[in-house]
Amino acid sequence: MNKAKIAVLVSGGGTNLQALIDAQKQGILLSGEIKLVISNKPGAYALERAAGAGIDTLVIDKKSCVDHAEFEQKLMDALAENGIDLIVLAGFMVILSERFTSAYPKRIINVHPSLIPSFCGEGFYGLRVHEAALKYGVKVTGATVHFVNEIPDGGEIILQKAVDIQDGDTPEILQHRVMEQAEWTLLPRAVEKVSKNIANE
Ligand code: GAR
């Protein structure tokens, strides 16, 4: 079987990348193979996780690019050079332009730590999402895996899972529960689902 060639784009700690690496080892992610991990941040711990798993890494430092267009062009060149079929945003804290997203229709997926359409869009990323959920006082939050289009967090939903908020939650405690109960299982399942469709094309 032809496996979908996957690039995972990261900016930070990379626990979602780790979940994908583990899923690949466990045979949960079967129809796709992580070929490349790209970070926009030189020191991202996710790069060490990738290297530890024997996956090629690449840093495209956004700060060393003259503008956003140059950054995206470098990304596109790397994706083309590596024959990438599927782009997974796993804690990638850069908003991609329409020029970029329209080049890969239904070939970019993102994990977001809330139940979209709540607490999403520009400015909602990482801990900020959980801070906003706690501030609003919702009793249920969760995670969403969706296709990426030109609207930040606005593409078609692939999988979604609810997680309860508990008394005394801090943003950090809630972030960890959402990851553990939703993101780390949901993302590998969604990546397998989309990879399977690509592999069968
Ligand atoms: C995850 O919670 C992910 O859903 C979120 O950032 C965290 C990254 O953690 N992504 C966004 O907020 C994107 N809008 P990780 O680096 O440990 O996977």
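Tabulated data
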| item | result |
| --- | --- |
| Peptides ranked, highest mean first, by Cβ atoms within 10 Å: ranges 2-13, 111-122 | 2-13, 111-122 |
| Spatial separation of Cα centroids for segment 15-66 and segment 98-177, in angstrom | 20 |
| Order of K25, K193 under a 10 Å beta carbon neighbour criterion, fewest first | K25, K193 |
| log10 of Debye I(q)/I(0), alpha-carbon scatterers only, for the chain at 0.14, 0.17 Å⁻¹ | -0.78, -1.15 |
| Within segment 171-188: backbone nitrogen closer than 11 Å to the Q26 label point (7 Å, Cα to C-beta) | 184-186, 188 |
| Three-way shape call for segment 23-126 based on the alpha-carbon gyration tensor, with the a/c threshold at 1.5 | rounded |
| Paramagnetic label zone (point 7 Å from Cα along Cα-to-C-beta, Y45; backbone N under 18 Å) in segment 154-181 | 171-181 |
| Overall form of segment 1-77 per C-alpha gyration tensor (a/c, 1.5; a/b vs b/c) | oblate |
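Computed from the coordinates by the stated procedures, all read-outs in this text should not be read as laboratory data. The shown structure was predicted, so the numbers you read here are calculated from the model rather than taken from an experiment. Cβ sites come from the backbone with ideal geometry, for glycine too, and all protein chains shown count toward neighbours.
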